[in-house]
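Novice: Encoded as structure tokens, here's the structure I'll be asking about.
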Amino acid sequence: MLYEINENDKLHRFDSKWSPLELDVEKYLISSENERILDSGIFGEPLLLIKNQVRTKYQKRADILAIDRFGNGVIIELKRDRGMLGVETQALQYLADFSVYKGENFIKNFCKDDSVLVDSIHSFIDAYAKIEDINKISRVILVARDFEPTIFSMGEWLSNNNISFRCISYEPIEVASRKLISFNIAFDRSNNLINPIIFSSISRSPAYYWHNIANNDQKWWSWLIHAKQIPACFDSMPGDQGEKILRSYISGDIIIAYAKGFGAVGWGEIIDPNTYRIINSGGSDDYWQGDCMHRLDIEWKYVAKNLSSGIKPGYIRENFNIYHPISTSVGIDSHNAKRLITHMSNVLEKV
């Protein structure tokens, strides 16, 4: 909710005249600079768009169908105004219709002949999420201007019955000629079924991860090698997805650096996860002048000094059964990752 200060220095709610249509909000939600990934700043996590305006077996239309990092199906239902009792029932009907499609059956039904989307699924889900487990668990996210309290009571009941439920409110704002929308997670009961304990940085063992270096620029890569850092971008603000990703790494994690178009360009080990920081604006580490400010130290082992010497994604997929990442960080199957690292250590330069 946005307030303005009136002439008496009193708070006064700012009432915008702009009220986008439901289909407009849907369009905003699925627009992304990062291929098919829905904005984690809105949804509280990265989600892969499978399809919007998708028909159920009863010819109803669900607004958005997505999957999360662990392959769980996510039904996203939108309302232009207030979310009232009944909207969650509609979403649950869609969830029930779609929940019968699991694993390869899910891919065949919703991806059909879209080979790019199929590859995106392989590239998006974590190493511990298997194709056969896709949509094994499904859940609901509601998006509306606001919600009546009975929706939250229903969300509590659903969570107690192992159906994760989240409500996201939005506020459209028009100031002069600029149109803005703020999003806020108003209610969240995401149970531990969608967040396997193995991913907890407190309890898990060291693992293997792709990490995208954000910009496939040769001077940037040379700088990262010299500085012994891995970056994350997003909003470059405390608490955003960039911080969450870098803070999720633990001592002993093995990181395989990925540069778009060049493939695997180096690997290293996280020694001290407490080296995470947001760098100072204008400082010596501020290479992109305010962008990609999240940083974590890494001990590089083997690198391609020139990006052109990286191991190409097609070769990695064909020989190691590892798909290239379409997001900043994604886990890799340990057996395949070890084989790839051995190969990288034979063909790249030792640091």
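Conditions (1) surrounded by 10 or more Cβ atoms within 10 Å (Cβ to Cβ); (2) of a type in the set (A, V, I, L, M); (3) out of contact with any Pro (no Cβ under 7 Å at 6 or more places or on another chain); (4) in a loop (DSSP other than H, G, I, E, B), marked per residue:
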position	(1), (2), (3), (4)
GLU4	yes, no, yes, no
ASP9	no, no, yes, yes
SER16	yes, no, no, yes
SER19	yes, no, no, yes
VAL25	yes, yes, yes, no
TYR28	yes, no, yes, no
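Novice: Hey, can you tell me all the residues within the stretch 139-169 that are outside any loop (DSSP other than H, G, I, E, B), of a type in the set (Gly, Ala, Ser) and buried (at least 22 other Cβ atoms within 10 Å of the Cβ)?
Specialist: Of everything in the stretch 139-169, those that are outside any loop (DSSP other than H, G, I, E, B), of a type in the set (Gly, Ala, Ser) and buried (at least 22 other Cβ atoms within 10 Å of the Cβ) turn out to be ALA144, GLY155.
Novice: Has the stretch 93-100 got at least one residue that is under 23 Å from the mean Cα position of the chain (by Cα) and over 26 Å from LYS27 (Cβ atoms)?
Specialist: Yes, the stretch 93-100 contains at least one residue that is under 23 Å from the mean Cα position of the chain (by Cα) and over 26 Å from LYS27 (Cβ atoms).
Novice: Of the residues ASN135, ASN184, which single one is on the phi > 0 side of the Ramachandran plot and in contact with a Ser or Thr (Cβ under 9 Å, 6 or more places away or on another chain)?
Specialist: Exactly one of ASN135, ASN184 is on the phi > 0 side of the Ramachandran plot and in contact with a Ser or Thr (Cβ under 9 Å, 6 or more places away or on another chain), namely ASN135.
Novice: Suppose the filter is charged (D, E, K, R) and within 20 Å of LEU38 (Cα to Cα); does GLU148 pass it?
Specialist: Here the answer is no, as GLU148 does not meet what is asked.
Novice: Out of all the residues in the stretch 259-279, which are surrounded by fewer than 21 Cβ atoms within 10 Å (Cβ to Cβ), within 22 Å of the chain's Cα centre (by Cα) and outside any strand (DSSP E or B)?
Specialist: LYS260, GLY261, PRO273, TYR276
Novice: Out of the stretch 212-256, which residues are in a strand (DSSP E or B), buried (at least 22 other Cβ atoms within 10 Å of the Cβ) and touching a helix residue (DSSP H, G or I) at 6+ places or on another chain (Cβ under 8 Å)?
Specialist: Selection gives ILE230, PRO231, ALA232, ILE256.
Novice: Go over the candidates ILE298, ILE270, ILE311 one by one and state the one that is farther than 14 Å from HIS211 by Cβ and either at pLDDT 95 or above or not aliphatic (A, V, I, L, M) (or both).
Specialist: Unique residue meeting the criteria: ILE311.
Novice: So which residues in the stretch 320-351 are polar (S, T, N, Q), assigned to a helix (DSSP H, G or I) and in contact (Cβ under 8 Å) with a residue 12 or more places away in the chain?
Specialist: SER334, ASN336, SER345
Novice: A follow-up question, please. How many residues are assigned to a strand (DSSP E or B) and of a type in the set (A, V, I, L, M) if we restrict to the stretch 68-91?
Specialist: The number of residues fulfilling the criteria is 4.
Novice: Against the condition in contact (Cβ under 8 Å) with a residue 60 or more places away in the chain and either crowded, with 20+ Cβ neighbours inside 10 Å or not aliphatic (A, V, I, L, M) (or both), how does GLU88 come out, does it pass?
Specialist: yes
Novice: Please specify each residue of the stretch 5-50 satisfying the condition of being at positive phi and either not assigned by TED's automatic domain parsing to the domain that holds LYS79 or not acidic (Asp, Glu) (or both).
Specialist: If the condition is that a residue be at positive phi and either not assigned by TED's automatic domain parsing to the domain that holds LYS79 or not acidic (Asp, Glu) (or both), then ASP9, GLY44 are the ones that fit.
Novice: So which residues in the stretch 112-147 are β-branched (Val, Ile, Thr) and either more than 19 Å from ARG189 (Cα to Cα) or not assigned by TED's automatic domain parsing to the domain that holds LEU29 (or both)?
Specialist: VAL116, VAL118, ILE121, ILE125, ILE131, ILE134
The values are calculated or read from the model by the stated rules, or taken from the named source; none is laboratory data. Source: prediction; values computed, not measured. Heads up, the Cβs are rebuilt from the backbone with ideal geometry, glycines too, and the neighbour counts pull from every protein chain shown.
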